[in-house]
Amino acid sequence: MRKLISTINNYISTIRYQLSIPEGRMSKKALEQHLKRRAQLLKKINHTIAAILLMAILQPTIALGYGIRDAIPALEGGIVEIGPEDVVENPPLPADYAIIGNPDVGPTHRYEFKMGVTYQYWDKVAYCETRNDANPTGNWKNGGRFAGGLGIMTNGTFANGALGGQMGTWERWGGEEFAPRPDEAPKLEQVVVANRIAITGWEAVVTRPADFAKQKGVPRQYVWSREGIGYNGWGCVKGTVGPSKQRTKFAVSLPKNQEFYCPDIEPLLYRYGLPVEMFSHIAWLESRCDTSYEDNDGGHGLFDIDPAKWKKAMAELGLTEADLHDPTSNIRVVAWITLNTEERMNNWGPQATAR
């Protein structure tokens, strides 16, 4: 019985962690999804604990050895690409549709998302836009009004622009989340913002200064939203490189059961241009949302990233071993992995299995 009580306490701690409100900026859509999951989890807490207690009465030998983590079924599956055509609303699932999950996880739903294109493409743009003798492949520290490796326009700040001034492209698509200017941001973050501009768009809930909102008679909070506008802002794309031909639209089936997700990391996933719901589920698959997770093969962190990838990422992103279990560093590494290969969606999916 002592082990059963400990199991229940651990379960309650996990639920409490999942119910907490994440810190930091969060898109309106991500916040709505998080609150919906909280409501669903709250409904299930009493039922789950009651089921465990009932099992303890009816089959005590099973219940006393029962672990919440071990009770959740193993999940496997994959991802399908939609292709360049527009996604239709509520499309039927084809017979051969790849599903992350199995009948044990209950109902699934179709999750459609966009992913930005990879380093390989943006390196070509940087080569054309900013290369010089000292930086023959592109100058990611290039200053000026059109800054960074990709020559993204920067002007003023988001706050000033939101109050009626002028903003540059860097500011309009949320680049200031990473640095005041493109040339002050790492290459990864410059590519993330470029993908927002060209493909995925960006949205955030913004809070105006109280005095300004009162004076102008406008809401203090509002949703700032920008869609992706394609590649036409880059002269080199028009004249030399051409638009990317990489696929950017994908779909996958994911469990409807909101217990199979890690909502606390979803604001960070959104910030780095990763499909929020899919990678929230993958983090649950890989580590059960445990930032301190380590496996027997040397994998670390929320996404159980293997040592070889960590070693390469540390050199590229300026990380150290102290960052192995930091959520932001984990997600930066995941973004770096997905942006470093045209097979970016195959790093997880079929390879993501329950631990």
- Note on the structure: Of the residues in region 300-328, those that are part of a helix (DSSP H, G or I) and without any contact (Cβ under 8 Å) to a residue 12 or more places away in the chain come to Pro307, Ala308, Lys311, Lys312, Met314, Ala315, Glu321, Ala322, Asp323
- Any hit, region 147-161, residues being in a loop (DSSP other than H, G, I, E, B), without any contact (Cβ under 8 Å) to a residue 60 or more places away in the chain, surrounded by fewer than 19 Cβ atoms within 10 Å (Cβ to Cβ) and among the hydrophobic types (A, V, I, L, M, F, W, C): no
- Does Asn132 satisfy being at pLDDT below 95 and out of contact with any Gly (no Cβ under 7 Å at 6 or more places or on another chain)? yes
- Going by the structure shown, is Gly144 surrounded by 15 or more Cβ atoms within 10 Å (Cβ to Cβ) and assigned to a loop (DSSP other than H, G, I, E, B)? no
- Message: Regarding region 208-230, can at least one residue be identified that is part of a loop (DSSP other than H, G, I, E, B) and of a type in the set (S, T, N, Q)?
- Response: no
- Say whether the condition of being in a helix (DSSP H, G or I), within 26 Å of Val252 (Cβ to Cβ), modelled with pLDDT under 95 and not assigned by TED's automatic domain parsing to the domain that holds Trp173 is met by at least one residue in region 262-272. no
- Applying the selection to region 245-260, what residues are closer than 20 Å to Val192 by Cα and either assigned by TED's automatic domain parsing to the domain that holds Arg172 or of a type in the set (Lys, Arg) (or both)? Lys245, Arg247, Lys249
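The values are calculated or read from the model by the stated rules, or taken from the named source; none is laboratory data. Owing to the predicted nature of the structure, the values given are computational and were not obtained by experimental measurement. Glycine also receives a Cβ, built like all others from the backbone with ideal geometry; neighbour counts cover every protein chain displayed.
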